[in-house]
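For reference, the structure is listed below as structure tokens.
The values are calculated or read from the model by the stated rules, or taken from the named source; none is laboratory data. The shown structure was predicted, so the numbers you read here are calculated from the model rather than taken from an experiment. Backbone-built Cβ (ideal geometry, glycine too); neighbour counts: all protein chains shown. In case anyone asks, the SASA skips ligands and DNA or RNA and just uses the protein heavy atoms, side chains included. Shrake-Rupley method; radii C 1.70, N 1.55, O 1.52, S 1.80 Å.
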Amino acid sequence: MKEWLRSLPAVHELQNHVKFHNLLDESQLSLSQLTKQLKAILEEIRETILHDQWSGAVPGTNHFIENVFTILENKVKQQFAYTLEKVVNATGTILHTNLGRARLSENAIQHVVDTARNYSNLEYKLNEGQRGSRHSHVESLLKEITGAEAAMVVNNNAAAVYLVLRALAKNKEVIVSRGQLVEIGGSFRISSIMEESGAKLVEVGTTNKTHLYDYENAFSPETGIVMKVHTSNFKVIGFTKSVETRELIRLTSGVEDVIFYEDLGSGALYDFRKRGIGDEPIVKEVIEWGADVVTFSGDKLLGGPQAGIIAGKKNIIDQLKKHQLARVVRVDKMTLAALEGTLIDYARGEEAMRTIPTIRDLLASLDELDERSKAFVTNLLQRTSRYQATIFEDSSQVGGGTMPDVLLPSMVIALKHDSFTAEQLARKLRTESQPAIVARIQKDEVVLDLRTVSSEDESFLLDAIVTVDPS
Ligand SMILES: *Cc1c(COP(=O)(O)O)cnc(C)c1O
């Protein structure tokens, strides 16, 4: 061991090596930056030798020097690699929260790129040559699509809920059904947000049943809001009763200074019901029924960027826009660009809406998925004999805490490798392929659901599976 430690090369020797010079040119690092990394590597190797764990070449040999430079090269590469990277989602879960929820439409992407690259009229009225409002860019589209008198956009729906409660019900009572005190994604609880906002929560009913009279009995002079929360990520089944939005609107509209507010969660702009998918109301309906204000996410069923959209009566939205908190939760120009791009797809009509990946993936038919899966398996088996592949009917989930009870019928591919277990194969696909591939494991098989794989990514997915073990 001592022999090895003595044989470790000096830093200045390695600095004279041709590989060091090459790396200095290629990496565009400064001499001191690269030297610092080299020193760190030598120090690590020294530690490893001291702990009797060095498994590389023997120090003092040329081979050892090569080892050191390989480690250095990899380190330099890693240092500037993005940690936020593209992933191919082969799980079939469309709004996979861990994988970034909605993918944007081409229209939205292009608008983001242009907006990022250039100056824009973000807060500037070109006609008047005067200061404008960033809300203006999406407000008219939102009004058109939802039918609301006014609208604004904040950072996400959690921020929207907070802003509404803080601005409209601070120190006032907010009546909510116990069945709707939901927790979303483990970090967002309606009851905690309400506490933070300074509004006083008045719980009514029970977990499974709340009646109209429960709300009526809870009214007091302190009541500011009757709130309904979309129970996005769970479904109470069996002996249940909740009060319809319309009934609550009727109830509150008769009481002066009490607002009806619904946190819609997902906020569908596309009517998935007409395609037989779920029973999510569209935002326009809820506005038409007379809700004073609603909030919803930009990156759930809407299929746009992370954002919180607030729509409703003009006097309420005006109040929210003016509130100090609006500045704290305001959206940036890239989000506005992505949202404007997406909303224009909605405004253009059915065909353009289908270019929004979330909508396209949700509507993909069983036949289409069957055809794609069959072609995929045929190609796969032509290129390698290391897999057994079967196609079977399964279901995809919407995800993102949306439509929890909806299972979309799908045709999926189950893979069995001749030497790797399902865990090993899934791991290789995640860590060794570029971009990474995330798939499901079911009954010792890796299951691919092409619903969430774009056709451009399909050939890539195929290559990755074929070359997962080139030996
Ligand atoms: C998802 C959700 C939220 C949070 O929305 P984000 O945009 O993720 O911040 C709030 N309320 C409900 C009912 C939701 O489903």
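Looking at the P(r) of the stretch 2-79, how many percent of alpha-carbon pairs lie beyond 18 Å?
35 percent
Report the percentage of all Cα-Cα pairs in the chain whose separation exceeds 29 Å, rounded to a whole percent.
On the way: 67252 of 110685 pairs.
The calculated P(r) of the chain puts 61 percent of pairs beyond 29 Å.
Take the solvent-accessible surface of the protein heavy atoms, probe 1.4 Å, and return the percent of it on the stretch 2-79 that carbon and sulfur atoms account for. Don't jump to the answer; show the numbers that get you there.
Values: 2460 of 5100 Å².
Here it works out to 48 percent.
Over all distinct alpha-carbon pairs, what is the Kirkwood Rh of the stretch 10-157 in angstrom?
Working: mean 1/r = 0.0470 Å⁻¹.
Kirkwood radius, the stretch 10-157: 21.3 Å.
Can you give me the convex hull volume of the Cα atoms of the stretch 257-351, divided per residue and expressed in Å³? Walk me through the numbers before you get to the answer.
Values: hull volume 10.7 nm³, N = 95.
Expressed per residue, the convex hull around the Cα atoms of the stretch 257-351 is 113 Å³.
Among T378, V229, V88, whose Cα lies farthest out toward the positive end of the dipole of the chain, if unit charges sit on the beta carbon of Lys, Arg (+1) and Asp, Glu (-1)?
The listed residue farthest towards the positive side: V229.
Along the charge dipole of the stretch 244-285, Cβ charges K/R +1 and D/E -1, which of I249, F260, G278 sits furthest on the positive end?
It is G278.
Rounded to the nearest 5, what % of the DSSP beta bridges within the chain are antiparallel ones? Walk me through the numbers before you get to the answer.
Values: 33 of 55 bridges.
Percentage antiparallel, nearest 5: 60.
Would you mind computing, in nm to one decimal, how far apart the modelled labels at E393 and T431 are, each placed 7 Å from Cα along Cα→Cβ?
3.8 nm
Hey, which of these cross-link pairs are over 27 Å Cα-Cα: K170/K241; K284/K321; K86/K428; K170/K314?
Working: K170/K241 29 Å; K284/K321 21 Å; K86/K428 16 Å; K170/K314 20 Å.
Beyond 27 Å between Cα atoms: K170/K241.
So for L126, L251, L99, what's the accessible-area order with a 1.4 Å probe, most first?
Greatest to least solvent exposure: L126, L99, L251.
So for the chain, averaging the separation of alpha carbon pairs under 8 Å that are six or more residues apart and normalising by length, what relative contact order in percent results? Don't jump to the answer; show the numbers that get you there.
Details: 797 pairs, mean separation 90.6, N = 471.
Value for the chain: 19 percent.
Using only helices, what value at 222 nm comes out for the chain when you add -39,500 (n - 2.57) per DSSP H run of length 4 or more and divide by the total residues, to the nearest 500 deg cm²/dmol?
Working: 20 runs with 207 residues, N = 471.
Calculated at 222 nm, the ellipticity per residue is -13000 deg cm²/dmol.
Taking the Cα-to-Cβ direction at L407 and at K39 and moving 7 Å from each Cα, how far apart do the two end points lie in nm?
6.1 nm
Skip the ligands, DNA and RNA, and give the accessible area per residue of the chain with a 1.4 Å probe, whole Å².
On the way: 23990 Å² over 471 residues.
Per-residue value: 51 Å².
Output the DSSP H helices from the chain with an along-axis C-alpha extent of no less than 18 Å and a mean Kyte-Doolittle hydropathy no less than -1.0. Please list the in-between numbers first.
Values: long enough: 31-50 (28 Å, 0.11); 62-79 (26 Å, -0.52); 333-348 (22 Å, 0.29); 366-383 (26 Å, -0.63).
Taking the DSSP H segments of the chain (at least 18 Å long, mean hydropathy at least -1.0), we get 31-50, 62-79, 333-348, 366-383.
Can you give the charge dipole size of the chain about its Cα centre, rounded to the nearest 20 debye, using +1 on the beta carbon of Lys and Arg and -1 on the beta carbon of Asp and Glu? List each step's numbers first, then the result.
Working: 54 positive and 64 negative charges, 165 e Å.
With only Lys, Arg, Asp and Glu charged at Cβ, the dipole is about 800 debye.
Packing-wise, with mean Cβ within 10 Å as the measure, how do 83-96, 104-117, 294-307 rank, highest first? Mind showing how you got there, number by number?
Numbers: 83-96: 19.0, 104-117: 17.1, 294-307: 26.8.
Descending packing order for the listed peptides: 294-307, 83-96, 104-117.
Mind ordering 349-356, 263-270 by average Cβ neighbours within 10 Å, highest first? Could you put the intermediate results ahead of the total?
Working: 349-356: 14.8, 263-270: 25.1.
Answer by packing, highest mean first, reads 263-270, 349-356.
Find the Rg to Rh ratio for the stretch 106-352, where Rh is the Kirkwood radius over alpha-carbon pairs and Rg uses the same atoms. Provide the component values of the computation, followed by the final result.
Values: Rg = 18.2 Å, Rh = 18.6 Å.
Rounded to two decimals, Rg over Rh is 0.98.
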